[in-house]
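> Would you mind keeping the following structure in view while I ask a few things?
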Amino acid sequence: MGKIIIMYGLPAAGKTTQARLIADKYGLYHFAMGEKLREQIASGSELGQKIKSTVDSGLLVSDELILEVLRDVKNQAVETGIVFDGFPRIVDQAILLDQMLAEVNLEVDALCLLKVSSEAVENRINDRIATENRGDDKDKSVVENRMNVFLKESVPLSEHYRTKEKFYELDGEEPIEDIFNKLCEIID
Ligand code: AMP
């Protein structure tokens, strides 16, 4: 049966890079919440219009709207398993996910926290500006908002999974391949 893995960490911690590698190796569906929200905005959908100003400011989209993006999660979880990237970000979302998975007799296998310093975040975001056209990377106050969301939520969210013995912490400043190898050990 497919696994349910969560990648967690500060902006530019390497969540997407590792999630792609994991998705590839284990045949999991890569569920990138930020990307899905940006797609909605780009398409001009009703949901996209509702979430644009929140995403542009770096704050969290309300759980009610996040639910709309989660529609296919249960099927996907059963069919392939999922590596989540950018979800859940708060305990309420974690509880929501637990409930959805319980309905199909699944549960989260691991939340993997990639730890990086704020200096590394700044450098990586500067690099990312050159390669990806993300509006929310270009404005310092927006990056700050995103970092503050993480700092406020990371302890309770980590605790949620620690109490279930599903919490793993990795040094996100090691080479990509070394982190990936450690993640594979956790998943296997
Ligand atoms: P990301 O691409 O993961 O950095 O996410 C970009 C932005 O999308 C965030 O700053 C939030 O505004 C929004 N977002 C992403 N994931 C979530 C989530 N799980 N809950 C609420 N808002 C989110």
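> Scan (1) assigned to a helix (DSSP H, G or I); (2) more than 13 Å from the ligand (Cβ to nearest atom); (3) not basic (K, R) for the single condition E153 breaks and write down its number.
(2)
> Among the numbered criteria (1) part of a helix (DSSP H, G or I); (2) open to solvent by 10 Å² or more (accessible area, probe 1.4 Å); (3) closer than 27 Å to N145 by Cβ; (4) within 15 Å of the ligand (Cβ to nearest atom), which single criterion is violated by L59?
(1)
> Looking only at residues in region 95-133 that are without any contact (Cβ under 8 Å) to a residue 40 or more places away in the chain, farther than 23 Å from I187 by Cβ and assigned to a loop (DSSP other than H, G, I, E, B), which one is most open to solvent (accessible area, probe 1.4 Å)?
N133
> Counting only residues that are under 14 Å from the mean Cα position of the chain (by Cα) and hydrophobic (A, V, I, L, M, F, W, C), which one in region 33-58 is nearest to V91 (Cα to Cα)?
Selected residue: M33.
> Could you say which residue among E174, E185, E165, E169 is open to solvent by 40 Å² or more (accessible area, probe 1.4 Å) and part of a helix (DSSP H, G or I)?
Numbers: E174 fails: part of a helix (DSSP H, G or I); E165 fails: part of a helix (DSSP H, G or I); E169 fails: part of a helix (DSSP H, G or I).
After applying the criteria, what remains is E185.
> Cβ-Cβ distance below 7 Å, separation of 6 or more or different chains: which pairs start in region 46-71 with a residue that is at positive phi and end on one that is surrounded by 15 or more Cβ atoms within 10 Å (Cβ to Cβ)?
G58/D136; G58/V142; G58/V143; G58/N145; G58/R146
> Another one. Can you work out which of the residues in region 15-39 that are of a type in the set (S, T, N, Q) and more than 10 Å from the ligand (Cβ to nearest atom) is surrounded by the most Cβ atoms within 10 Å (Cβ to Cβ)?
Of everything passing the filter in region 15-39, Q18 is surrounded by the most Cβ atoms within 10 Å (Cβ to Cβ).
The values are calculated or read from the model by the stated rules, or taken from the named source; none is laboratory data. Please read these numbers as outputs of a predicted model, since none were measured by experiment. Virtual Cβ from ideal backbone geometry, glycine too; neighbours counted across all protein chains shown. Calculation scope for accessible area: heavy atoms of the full protein, side chains included, ligands and nucleic acids excluded. Shrake-Rupley method; radii C 1.70, N 1.55, O 1.52, S 1.80 Å.
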